[in-house]
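Just so it is clear, none of the values below were taken in a lab; they were calculated from the coordinates. Just so we're clear, the structure is a prediction, and the values are computed from it rather than from any experiment. For neighbour counting, all protein chains shown are included, and Cβ atoms are generated from backbone atoms with ideal geometry for every residue, glycine included.
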Amino acid sequence: MYIVYILQSLNNGKTYTGFTKNMVQRLLEHNKGNVDATKNRRPLKILYTEEIANLADAKDRERYWKSGAGRRKIRKFFS
């Protein structure tokens with residue numbers, strides 16, 4: 001089981017999308033500064049998660065959330 005997640009920076013409001021098998025550990029890595037893409041945006045909070053059955057579908061869903069349509073949906077629901 002994979003988890004596709006969207007994090008939001010409490011510092012500047014920007015979002016980050018990724019996927020993982022362990023959400024608790026991954027959020028700790030982001031907030032400790034161990035992830036280059038988010039280390040300057042700390043602290044981060046979980047904005048959205050969804051469980052996906054397999055790796056290929058998780059990658060596809062992550063790609064959707066990073067697309068223009070996915071980003072528009074994020075803004076519509078969470079702004």
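Rounded to the nearest 500, what is the chain's calculated 222 nm mean residue ellipticity when only DSSP H runs of at least 4 contribute -39500 (n - 2.57) each, over all residues?
Values: 3 runs with 33 residues, N = 79.
Helices in the chain give a 222 nm mean residue ellipticity of -12500 deg cm²/dmol.
Taking packing as the residue-averaged number of other Cβ atoms within 10 angstrom, the listed peptides 23-34, 1-12 run from highest to lowest as 1-12, 23-34.
Total lysine pairs in the stretch 2-78 at Cα distances under 21 Å, for residues eight or more apart or on different chains: 19.
Using a simple spin-label model with pseudo-atoms 7 Å out from Cα toward Cβ, LEU47 and ARG75 lie 1.1 nm apart.
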